Amino acid sequence: MARTVTVAVLFSGRGSNLENLIKRFHGKEFGDKRVAIAPISNRPDAPGIELAKAHGIEAAVVDHKRFPNRESFDEALVSKLEEISPELVVMAGFMRIVTDTFTSRIDAINLHPSLLPLFKGANAIEESFKSGMKVGGVTVHRVDSTLDGGEILDQRCVRIEEDDTLESFREKIHKTEHELLPDVVAKLLRLSE
Ligand code: GAR
């Protein structure tokens with residue numbers, strides 16, 4: 001019988017990467033492993049919560065606004081993760097910097113929409129697009145307590161063509177994210193079809 005392998009996905013907003021992971025992995029068997037996606041949002045109004053629900057999955061919410069500082073929020077997040085006990089923790093559009101309280105106890109990976117170490121932070125797509133470079137890209141890296149720092153696990157380039165607009169470039173970035181992140185997850189969990 002297949003053993004359940006849980007992937008916790010932390011997110012804050014739209015949740016397109018969360019939904020992509022759900023479609024690709026949730027409830028599916030890969031050899032002797034069956035994958036379960038466990039979404040956690042730090043915003044009670046994140047649209048990704050409804051997306052998960054449409055796939056029959058209840059997202060947990062740990063609302064950062066209910067905590068007086070980063071450490072106490074991180075403590076609550078760690079407790080939630082320890083309850084779920086996932087094999088892998090993925091940050092996909094999780095717009096929070098975590099502290100040592102989190103990183104000392106949880107190994108996580110993060111998706112970022114630039115070729116790190118270039119363009120860290122919340123406006124990476126726009127900054128890449130306006131940089132004058134001919135390529136941008138997408139990174140998956142290990143999480144540490146620095147902003148978009150941590151060991152780079154994989155990257156993919158996205159060309160910035162003459163006729164690209166910020167919106168067309170943004171779409172290409174998201175499409176590439178939807179390819180790269182599941183590939184890294186499958187590799188880390190050693191999932192084979
Ligand atoms: C993604 O583009 C992700 O790379 C980015 O937020 C977006 C979330 O989209 N993350 C960061 O910028 C982290 N610094 P989604 O909610 O549709 O998955």
Which condition breaks for residue 144 when tested against (1) farther than 24 Å from residue 189 by Cβ; (2) part of a loop (DSSP other than H, G, I, E, B); (3) away from the ligand (no atom under 11 Å from the Cβ); (4) not polar (S, T, N, Q)?
(1)
Any residue that is in contact (Cβ under 8 Å) with a residue 60 or more places away in the chain and more than 13 Å from the ligand (Cβ to nearest atom) - is there at least one of those in region 56-73?
no
Filtered residues of region 76-100 (kept if within 16 Å of residue 142 (Cα to Cα) and in contact with a Lys or Arg (Cβ under 6 Å, 6 or more places away or on another chain)):
99
Residue by residue through region 113-141, note down the ones that are in a loop (DSSP other than H, G, I, E, B), free of Cβ contacts under 8 Å to residues at least 40 places away in the same chain and within 11 Å of the ligand (Cβ to nearest atom).
114, 116, 119, 120, 121, 122, 123
Count, please, the residues in region 14-52 that happen to be within 15 Å of the ligand (Cβ to nearest atom), touching a Phe, Trp or Tyr at 6+ places or on another chain (Cβ under 9 Å) and touching a residue at least 40 places away in the same chain (Cβ under 8 Å).
5
Among the residues of region 115-138, are any within 13 Å of the chain's Cα centre (by Cα) and not polar (S, T, N, Q)?
yes
Failed condition for residue 157, given (1) exposed (fewer than 14 other Cβ atoms within 10 Å of the Cβ); (2) of a type in the set (A, V, I, L, M, F, W, C); (3) over 14 Å from the mean Cα position of the chain (by Cα); (4) part of a loop (DSSP other than H, G, I, E, B), with all others met?
(4)
I want to confirm something. Restricting to region 93-112 and keeping residues that are within 8 Å of the ligand (Cβ to nearest atom) and among the hydrophobic types (A, V, I, L, M, F, W, C), which single residue is farthest from residue 48 (Cα to Cα)?
111
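Rule-based calculations on the coordinates, nothing more; no lab input. Everything numeric in this text was worked out from a predicted model, so none of it was measured. Every residue, glycine among them, receives a Cβ derived from its backbone with ideal geometry; neighbour counts consider all protein chains shown.
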